[in-house]
Amino acid sequence: MNAHVLVDAVVQQTMVFIAQLATAGGGRAPLAQVADQVFLELSAELQSQGVTKKVIADMFGMALRTYHRRIQAARQSRTEVGRSVWEAVFEHIRTHEPVAGVEIHRRFVRDDPEVVSGVLNDLVSSGLVYRAGRGDGAVFRAAAEADFAAANHGSNDTWDWLVWLAVYRHGPTTAVEIQTQARIPEAVCRESLERLSAAGRVATDDTGGEPRYSSQMLEVPLGESRGWEAAVLDHFQAMVAAITMKLRDGATRADLRDAIGGSTWSLDVWPEHPLREEARSTLARVRREVEELRRRIDELALPPPEPELRERVVFYAGQYVRSP
C-alpha cells in the first residue's frame, strides 16, 4: 500500500468535503481555527497510536523543538496562558465592551497580530461579536444573550441530535465521554442530555455513582431536515470506521466474505437504457431492504445479552448520479 499517495488524496477530498459543508445553503461557516484544530487532533491521534513526539515531529517535517512550539501556540494564547487566543480575545471583549480594535491588539501584543485579526474577523462573522467602524477606528462589543434567543432554539435541536448520536454509538457512557465525542461545551452537553432523557430518547443509569447514558436507537426520519447534521456525521463516521478497522486488521484487499469494508460500483446508463431506472433506484431499494431487516430484528424482541457479548452491524450506503 502506498500510504503517502493515499494520504494526499484523502486530505484533498476531505478539504473538498469541509468546503462544501462550510458553504452549504449559502452560508459561510467560520474556519479560522480549522488549521490548528487539525494539527492538534492529528497529533493527539498519532500519540494515542503509540507514535512518539519525536517521530510525529519528523512526520510533520519539523524539528522536535519547533513541533513543541507549534503545539503550544495552537493550544493557548501567549498573553493569557492556558487559554486559546480565540477564547482570550472573546472574553476580553465581553469584559471591557465596547473596546477599540487598537486596544485589543495592544492587549494581545505578544500574540501574532494576524492571528488576533483573524480571531476578530471570525468572532464577527460568527455573530458572537458586533463591529462598528473600520480599520483603526473599529469598535467591538459582544452580542447579548437576547440576540441569540431565536437562534438558540435551532442550535439546541442540532446539539440534541449530535449528543444523541454520541450516546447511541458509544453508550453506555458518561457525560464527560459524550462531551468529548460530540466536541461541545460541558453545559451544552448536560442540557442536551436532560432534554433527551426527558423525551425518553436516552436512558440514564445511576447505579454506579456517576450517571451513564445509553440509547437503543437513533432514527432520523426520511424527508425531515431535523437531525440532518447528525445523519451526515453518522454516515461519515461509519465510512471512516469501516476503512479504519480494515486497515487495523492489516487488510488491503476485499473478499466476498468480508464483514468489514465497503464497495463502490459505477453503473453507466442513459435516458433510453432499459435498466436506467433500476440503476437509479439502487439506493432506494437497498434502503427498503435494510429497513425491512431492521423491522424483523426489532419484532423478534429477543432479550439482549450482556453488553460485552453484543455485536452491532453498522451498514452504510451512498449514491450519487452525475449527469453530463
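Every number in this text was worked out from the coordinates using simple rules, so none of it is lab data. The structure presented is a predicted model; accordingly, all values stated were derived computationally and were not measured. Every residue, glycine as well, gets a Cβ built from its backbone with ideal geometry; the counts of neighbours run over all protein chains shown.
First check a/c for segment 148-252, with a ≥ b ≥ c the square roots of the eigenvalues of its C-alpha gyration tensor; if it is under 1.5, answer rounded, and if not, answer prolate when a/b is larger than b/c or oblate otherwise.
Taking the square roots of the gyration eigenvalues as a ≥ b ≥ c, segment 148-252 is oblate.
Between A301 and T264, what length in nm is gained on full extension when 0.36 nm per residue of separation is reduced by their alpha carbon distance?
9.9 nm
Please check the chain for the longest run free of chymotrypsin sites (Phe, Trp or Tyr not before Pro) that are loop-located per DSSP (anything but H, G, I, E, B) and have at most 12 other Cβ atoms within 10 Å.
Between the exposed loop sites, the longest stretch runs 1-264.
Extension gain A203-V314, at 0.36 nm per residue separation less the Cα-Cα distance, in nm?
Contour length minus Cα-Cα distance gives 37.8 nm.
Give me the angle, in degrees from 0 to 90, between the Cα long axis of helix 3-22 and the longest principal axis of the Cα atoms of the chain, rounded to the nearest 10.
70 degrees
To the nearest 10 degrees, how steep is helix 113-125 against the longest Cα principal axis of the chain, on a 0 to 90 scale?
It works out to around 60 degrees.
Tell me, which longest segment in the chain has none of the GluC sites (Glu not before Pro) that fall in DSSP loops with at most 13 further Cβ atoms within 10 Å?
Between the exposed loop sites, the longest stretch runs 1-218.
Measure nothing fancy, just the Cα-based angle from helix 186-198's long axis to the longest principal axis of the chain, in degrees from 0 to 90, nearest 10.
The angle comes out at about 40 degrees.
Just add up the charged neighbours of Y67: K/R +1, D/E -1, any other residue whose Cβ is under 11 Å from the Cβ of Y67.
Once positives and negatives cancel, what remains is +4.
Just grab the label-to-label distance for E210 and R288, each label 7 Å out from Cα along the Cβ direction, in nm (one decimal).
4.8 nm
When only alpha-carbon atoms are used, what values of Rg and Dmax, in angstrom, describe the chain?
Using the Cα atoms of the chain, the pair Rg, Dmax is 23.8, 71 Å.
To the nearest 0.05, how large is the calculated FRET efficiency for H96 and N121 if R₀ is 22 Å and r is the Cβ-Cβ distance?
0.70
To the nearest 0.05, what FRET efficiency results for E219 and E41 with a Förster distance of 35 Å applied to their C-beta separation?
E(calc), rounded to 0.05, equals 0.75.
So which trypsin sites (Lys or Arg not before Pro) in segment 251-324 end up in coil per DSSP with only 12 or fewer other C-beta atoms within 10 Å?
R253, R257, R310, R312, R322
With the contact rule set at Cα under 8 Å and sequence spacing of 6 or more, what percent relative contact order holds for the chain?
9 percent
Most exposed first by the Cβ proxy, i.e. fewest other Cβ within 10 Å, how do I178, I56 rank?
Fewest-to-most ranking of I178, I56: I56, I178.
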